[in-house]
Structures are given as C-alpha cells and as structure tokens.
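The values are calculated or read from the model by the stated rules, or taken from the named source; none is laboratory data. A quick note: this is a predicted structure, and the numbers were derived from the prediction, not measured. Quick reminder, even Gly has a Cβ in these numbers, built from the backbone with ideal geometry, and neighbours come from all protein chains shown.
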Amino acid sequence: MSSSDNLRALILQHEDPTPPGLVNDWLESHRAAIDVYRIDLEEKEVEPTAYDLIVSLGYQHAAFDDHIPMVGREATLMRYALDRDVPILGLCFGGQLLARLLGGEVFRSDYSEVGWLPVRTTDPELVPEGPWFQWHFDSFTLPDSAQVVADSPAGPQAFVAGRNLGVQFHPEVTMSIMADWVVVYRHELDAEGVDPDELLAETEQMLEKTQRNSLQMFEHFLTHVAGLGSVEAAR
C-alpha cells in the first residue's frame, strides 16, 4: 500500500452506547474509508479481505457467551480474517474474543476493573502505562503464540499476536461515550460502588493525556503491528 492510498477499515459495533469514538477520529485522520457494521442488528455477508484492518469494539456481554447469536457471527468473521492475515484491533470485548479465537480462554474474573487505572507495560511505545479507562468483569488467558505487552492485577491488558493487537481497556472512550455509559450502565456502577459524578469529573481531567496515549497506541499498532506503516496521517 502506498502513502497515497486510503485505509479501508471495518468497525464492528455491538450496541448503541459503544460507538467507535476516538477510533473513528484516528481513522479519519488517515482519510480512511470506514464501514461500521452493527453486527448486533444485521446479518450480512462481509468480506474481511476487502479491508486493510478490522476494529472490534466493546460490548456489555461476554465473549464466551455463545447463547448470543452475534458472538458466533463475529467469531466466524474474525476467524476468517485471522486465517487471511487481515489485521485486527480488539478493544475490551473485541480483545477478549480475539484471545479466544487464538486459542485462549475467556472467563468471568474474580477481579473486576471499573475506572481510570494504570497498567504495567513492557512496551510503552505501543501501550503507555496510562491510566487507561477500564470497565470489564471478564478476563482471559493467551496461548504461547501471543505476546503479553501489558497487564494488571486482573490479568492481561494488552497482547500482540502476528499483525493483531488486543486490549482489555477502552482507548476509544470520549466524554460523550462516558456520559452515555454512566446512564445506561448505572446499575453496574452502583454494584461496584463507583460514583458516576466523580467518574465523569475524573474523565474530564484525564482525557487530554489519555487520548494522546490512545492515538500513540493506534499509530504504533498501524505501523509496527499491522505493518501498514506506509500510510501517513493527514496533516
């Protein structure tokens, strides 16, 4: 791909309150052609090889819950992409499903994480320490073929496998997304003892720094993991 070519990106969105957020801004900075597939609402044929990369977003349900038809549909699509070396960026649910398809196990964790939290990283160029925004109750294991590049007491936080990157946290989060989440998922905050007003205030303070970290991670994924380094962001 030459620098004059546009990225072709497929975003897998699973619910209304969890849109692409900062991922969309990043892709637009590359003048990407973006298709958003609401895989929870639609059943259609998608050809992963028509895209340069696939981004799978978060979801309130578990990546191991095969009772949800969408989970099986997305697993089939992502498996097809993996077999054909189409790079995948998996965020939270998307990262968990990617881990599962690579041969790991996804399970309900004894240790939930909700809020702005640091991670331990072995590759700060790809995954800075954060803090990163977490909202998850599940965790996963990974096969030897995947390299863990960040973790926390709850388990793996980021991993690389081939041209693919999966993360447990939410680098895509924006103020608008957070405002929706504290309303839609208020019951989860109450159960975790997290004050929604304090969370919104902390988010407002954190976003400038964390969005720089997110864009750094997205760019490093694009160039050093997915191997699409000849694509230059629009100036």
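Quick one: what pairs do we get from the stretch 161-184, first residue among the small types (Gly, Ala, Ser), second assigned to a helix (DSSP H, G or I), C-beta under 6 Å, 6+ apart or different chains?
Final answer for the pair search is 166/95; 166/98; 166/99.
Take the residues in the stretch 33-75 that are acidic (Asp, Glu) and over 13 Å from residue 8 (Cβ atoms); name whichever of them is nearest to the chain's Cα centre (by Cα).
For the stretch 33-75, the residue satisfying everything is 74.
Name the residue that is surrounded by the most Cβ atoms within 10 Å (Cβ to Cβ), counting only residues in the stretch 42-60 that are closer than 16 Å to residue 91 by Cα, out of contact with any Pro (no Cβ under 8 Å at 6 or more places or on another chain) and not aromatic (Phe, Trp, Tyr).
Per the stated criteria, the residue is 56.
So residue 41 passes all but one of these: (1) more than 26 Å from residue 216 (Cβ to Cβ); (2) assigned to a helix (DSSP H, G or I). Which condition number does it fail?
Evaluating residue 41 over (1) more than 26 Å from residue 216 (Cβ to Cβ); (2) assigned to a helix (DSSP H, G or I) leaves (2) as the failure.
Just need a number here: residues in the stretch 112-133 that are aliphatic (A, V, I, L, M) and either assigned to a loop (DSSP other than H, G, I, E, B) or under 13 Å from residue 212 (Cβ atoms) (or both).
The number of residues fulfilling the criteria is 3.
Out of the residues in the stretch 1-16 that are surrounded by fewer than 18 Cβ atoms within 10 Å (Cβ to Cβ) and within 18 Å of residue 81 (Cβ to Cβ), state the one that is modelled with the lowest pLDDT.
Step by step, filter the stretch 1-16, then rank; the result is 1.
From the list 108, 79, exactly one residue is basic (Lys, Arg) and either assigned to a loop (DSSP other than H, G, I, E, B) or touching a strand residue (DSSP E or B) at 6+ places or on another chain (Cβ under 7 Å) (or both). Which is it?
Sole residue among the options that is basic (Lys, Arg) and either assigned to a loop (DSSP other than H, G, I, E, B) or touching a strand residue (DSSP E or B) at 6+ places or on another chain (Cβ under 7 Å) (or both): 108.
If only one of 187, 220, 170 is within 25 Å of residue 137 (Cβ to Cβ) and surrounded by 16 or more Cβ atoms within 10 Å (Cβ to Cβ), which one is it?
Every option except 170 fails the conditions.
Give me the residue from the stretch 194-213 that is among the charged types (D, E, K, R) and more than 20 Å from the chain's Cα centre (by Cα) and, out of that set, surrounded by the most Cβ atoms within 10 Å (Cβ to Cβ).
202
Rundown of residues vs (1) at pLDDT below 95; (2) closer than 27 Å to residue 28 by Cβ; (3) in contact with a Gly (Cβ under 9 Å, 6 or more places away or on another chain); (4) crowded, with 19+ Cβ neighbours inside 10 Å, yes/no style:
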{"site": "140", "(1), (2), (3), (4)": "no, no, yes, yes"}
{"site": "146", "(1), (2), (3), (4)": "no, no, yes, yes"}
{"site": "158", "(1), (2), (3), (4)": "no, yes, yes, yes"}
{"site": "164", "(1), (2), (3), (4)": "no, yes, yes, yes"}
{"site": "177", "(1), (2), (3), (4)": "no, yes, yes, yes"}
{"site": "181", "(1), (2), (3), (4)": "no, yes, no, yes"}
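Of the conditions (1) more than 17 Å from residue 93 (Cα to Cα); (2) part of a loop (DSSP other than H, G, I, E, B); (3) modelled with pLDDT of 95 or more, residue 171 satisfies every one except a single condition; which number is it?
(1)
State which residue pairs qualify: first residue surrounded by 18 or more Cβ atoms within 10 Å (Cβ to Cβ) and of a type in the set (Lys, Arg) and inside the stretch 17-41, second residue in a loop (DSSP other than H, G, I, E, B) and at pLDDT 95 or above in any location, beta carbons under 9 Å apart, and separation of 6 or more residues or different chains.
none
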